[in-house]
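*Asks:* Got a structure for you, written out below as structure tokens; questions coming shortly.
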Amino acid sequence: MAELRAEMAANVWKVLVADGDTVAAGQTLVILESMKMEINIDAETGGTVTVSVSEGQAIQEDDLIATVE
């Protein structure tokens, strides 16, 4: 299982996948916005995704964004 965590405080701008979706390694799952920059959160491995954030949510450093199993 791969956990994807926030590297900095940000807002969740766009969630591109839903719980249970099958994703490929390198696929963008979530786009964060911080200081007017967009930050793509990509799957490290392929598998089934579980998303832990929602659009518009403010997150902090090390918050869980998604897991891929």
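What follows is calculated from the coordinates using simple rules that are stated; it is not laboratory data. The structure presented is a predicted model; accordingly, all values stated were derived computationally and were not measured. A quick note on method: Cβ atoms are made from the backbone with ideal geometry, for glycine too, and the neighbour counts reach across all protein chains shown.
*Asks:* Over the Cα atoms of the chain, Rg to Rh with Kirkwood Rh, two decimal places?
*Replies:* 0.93
*Asks:* Sticking with this one: Along the Cα→Cβ direction, 7 angstrom out, place labels at residue 37 and residue 64. What is the inter-label distance in nm?
*Replies:* Result: 2.7 nm between the two label points.
*Asks:* Another question about this same structure. Determine ³J(HN,Hα), in whole Hz, for all residues of the range 18-35 in sequence, where each value follows from phi through the Karplus function 6.51 cos²θ - 1.76 cosθ + 1.60 and θ = phi - 60°; x replaces Gly and Pro.
*Replies:* Calculated HN-Hα couplings, in order: 10, 3, x, 5, 8, 10, 9, 4, x, 6, 6, 9, 9, 10, 9, 10, 8, 6 Hz.
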